[in-house]
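Asker: Dumping the structure here so I can ask a few things about it.
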Amino acid sequence: MKEKNSNQPDALLRWMESLGDPSRLRMLRLLERHELGVAELGDVLRLPQSTISRHLKTLGEQNWLRSRRVGTAHFSSMSIDELSEAQRQLWQLAREQIRDWSTTSQDEFRLQRLLHERSAGSRKFFAGAAGEWDALREKLYGSSFVDAALFALIPSNYVVADLGCGTGQMIERVAGHVSRVIGIDNTPAMLQAARDRTTRLSNVEIIEGDLDALPLKNASIDIALIVLALSYVPEPLTSIHEMSRVLKPGGRAVIIDVTTHDREDFRREMGQSRLGFDAKEIEGMLTQCGFTTTKYAPLPPEPSAKGPALFLATATK
């Protein structure tokens, strides 16, 4: 938007001339705060669209505005930061002088009505779509953006350990959002699957190891995950103690596993060591291993899920 040789007298005179119309001053006052279309400006300023277009052309030629098209619609706005220093001084002086005009007060009333009508359109849409919004949103946009938003909450310099990483599904999802991810498992087939899955990710390391004797240094991890793995280890308390050992002070532990159930057939079929965990047991083990602010919450079963319900437990080192 800034014009070359803006210190020359002819540039200054052109800017002064472009501000020498009350309608253009009112227009800039609106466009400094909001991006508006031609029809919207005509509605607020009570001017024909042809007049609005003519004024926009003049202001655009003198580098007061930036504009964009959306389909056939034309939108304009003014960014103070993109004006030259001389333009900024001229505009600040002009804006101060027109502040108390009665016409600008009326413009403000009509602008607020316009903005309310804009938001009313979205409110009307969501009022009608609320019952179907989740399904509609997934149909239109998918669901991966939810993970992207949640993973964005994790500081990008963190080191994350996925303990009992299996085929590396969680590693693949989190690797793009943190500095480094270490996956640990003790099953060769799982390790190979995880390596194949993450081979393109330069910040991922897959290591063979047991959850009761992690091949990691003390206080080297920011977040440690045990997802659907704790129910397979013979001594869960030992594994949680190891999780505490490798976490830095202030580090976070995250455990997802099955809640207590009575499906012995399921346990045997899945090769698990125990019939899940309840809140008292998990919170007790976390506290015993030096964790604070422990939380345990059952997760709502998904409609298609056939196994026992899951829980999410978190704690701070």
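Computed from the coordinates by the stated procedures, all read-outs in this text should not be read as laboratory data. All of these numbers come straight from a predicted model, not from anything done at the bench. Neighbour counts run over all protein chains shown; Cβ positions are idealised from the backbone, glycine included.
Asker: Where does the charge balance sit around Asn218 when Lys and Arg score +1, Asp and Glu -1, over other residues with C-beta under 12 Å from its C-beta?
Answerer: In short, +3.
Asker: Also, quick follow-up: How far, in nm, would the chain grow between Glu85 and Asp10 when pulled straight, counting 0.36 nm per residue and subtracting the alpha carbon separation?
Answerer: In short, 25.5 nm is gained.
Asker: Taking the Cα atoms of the chain, report the difference between the largest and smallest coordinate on each principal axis, in whole Å and largest first.
Answerer: 83, 47, 36
Asker: Please report the antiparallel percentage of the DSSP beta bridges confined to the chain, to the nearest 5.
Answerer: Bridges in the chain are about 50 percent antiparallel.
Asker: Ranking request for peptides 56-69, 173-186: highest mean number of other beta-carbon atoms within 10 Å first, then the rest in descending order.
Answerer: Most protected by this proxy first, the peptides run 173-186, 56-69.
Asker: For Gly166, what residues show an amide H to amide H distance below 5 Å, using hydrogens built from the backbone and excluding near sequence neighbours?
Answerer: It is none; the list stays empty.
Asker: Separate question: Enumerate by residue number the trypsin sites (Lys or Arg not before Pro) in the range 192-273 meeting two conditions: DSSP loop (anything except H, G, I, E, B), and at most 15 other Cβ atoms within 10 Å of the site's Cβ.
Answerer: Passing sites in the range 192-273 are Arg200, Lys217, Arg263.
Asker: Let me ask you something else. Which value at 222 nm does the chain reach when only helices count, each DSSP H run of 4 or more adding -39,500 (n - 2.57), with the total divided by all residues and rounded to the nearest 500 deg cm²/dmol?
Answerer: -14000 deg cm²/dmol
Asker: Here is a further query. Work out from phi, with θ = phi - 60° and the Karplus expression 6.51 cos²θ - 1.76 cosθ + 1.60, the ³J(HN,Hα) of each residue of the range 263-273, listed in order in whole Hz, and give x for Gly and Pro.
Answerer: My calculation for the range 263-273 gives 8, 4, 4, 5, 4, 5, 4, 8, x, 7, 8 Hz in order.
Asker: Can I ask one more? When the Karplus curve 6.51 cos²θ - 1.76 cosθ + 1.60 is applied with θ = phi - 60°, which whole-Hz ³J(HN,Hα) does each residue of the range 93-108 get, with x for Gly and Pro?
Answerer: 5, 5, 4, 5, 6, 9, 4, 9, 5, 5, 5, 5, 5, 5, 4, 5
Asker: Here's another thing I want to ask about it. Mind listing the phi-derived Karplus ³J(HN,Hα) values for the range 150-163, rounded to whole Hz, using 6.51, -1.76 and 1.60 with θ = phi - 60°, and x for any glycine or proline?
Answerer: 5, 5, 5, 6, 7, x, 5, 8, 6, 9, 10, 10, 9, 8
Asker: Which whole-number percent gives the relative contact order of the chain, counting Cα pairs below 8 Å spaced six or more residues apart?
Answerer: With pairs under 8 Å counted, the relative contact order is 10 percent.
Asker: Using all alpha carbons of the range 162-317, what is the percent of pairwise distances in each 5 Å bin, ordered from the shortest bin to the longest?
Answerer: Using 5 Å bins, I get a P(r) of 2, 9, 18, 21, 21, 16, 9, 2, 0 for the range 162-317.
Asker: Sticking with the crude label model, points 7 Å out along Cα→Cβ, report the distance from Leu237 to Leu140 in nm, one decimal please.
Answerer: For the pair Leu237/Leu140, the computed spacing is 5.4 nm.
Asker: Residues in the range 97-112, backbone N under 19 Å from the label point at Arg46 (7 Å along the Cα-to-beta-carbon vector): list them, ranges by number please.
Answerer: Residues 98-112 fall inside that zone.
Asker: As a footprinting exposure proxy, order Leu286, Leu45 by other Cβ within 10 Å, with the fewest listed first.
Answerer: Leu45, Leu286
Asker: Sort Ile207, Ile80, Ile223 by Cβ crowding within 10 Å, fewest neighbours at the top.
Answerer: Listing Ile207, Ile80, Ile223 from fewest to most nearby Cβ atoms yields Ile80, Ile207, Ile223.
Asker: What is the fewest-to-most order of Phe277, Phe75 by other Cβ atoms lying within 10 Å of their Cβ?
Answerer: Ordered by Cβ neighbours within 10 Å, fewest first: Phe75, Phe277.
Asker: Let me ask something else about it. What spacing in nm lies between the two simple spin-label points modelled at Ala219 and Thr260, each 7 Å away from Cα in the Cβ direction?
Answerer: 3.6 nm
Asker: Would you mind computing, in nm to one decimal, how far apart the modelled labels at Gln112 and Lys280 are, each placed 7 Å from Cα along Cα→Cβ?
Answerer: Placing both labels 7 Å beyond Cα along the Cβ direction yields 5.9 nm.
Asker: Please list the non-local residues whose amide H lies under 5 Å from the amide H of Leu310, H modeled 1.01 Å from N, same-chain partners needing a gap of 5 or more.
Answerer: Under 5 Å from the amide H of Leu310 lie the amide H atoms of Thr259, Leu299, each far enough along the sequence or on another chain.
Asker: To continue, here is another question. Taking a virtual spin label 7 Å from the Cα of Ile154 along the C-beta vector, which residues in the range 234-255 bring their backbone nitrogen under 19 Å of it?
Answerer: Residues 243-255 fall inside that zone.
Asker: Taking 8 Å as the Cα distance limit and 6 or more residues as the minimum spacing, I'd like the relative contact order of the range 260-315 as a percentage.
Answerer: Here the relative contact order equals 28 percent.
Asker: Amide H neighbours of Ile207 under 5 Å, at least 5 residues apart or on other chains, H built in the peptide plane: list them.
Answerer: Those lying under 5 Å, H to H, from Ile207 are Gly183, Ile184, Asp185.
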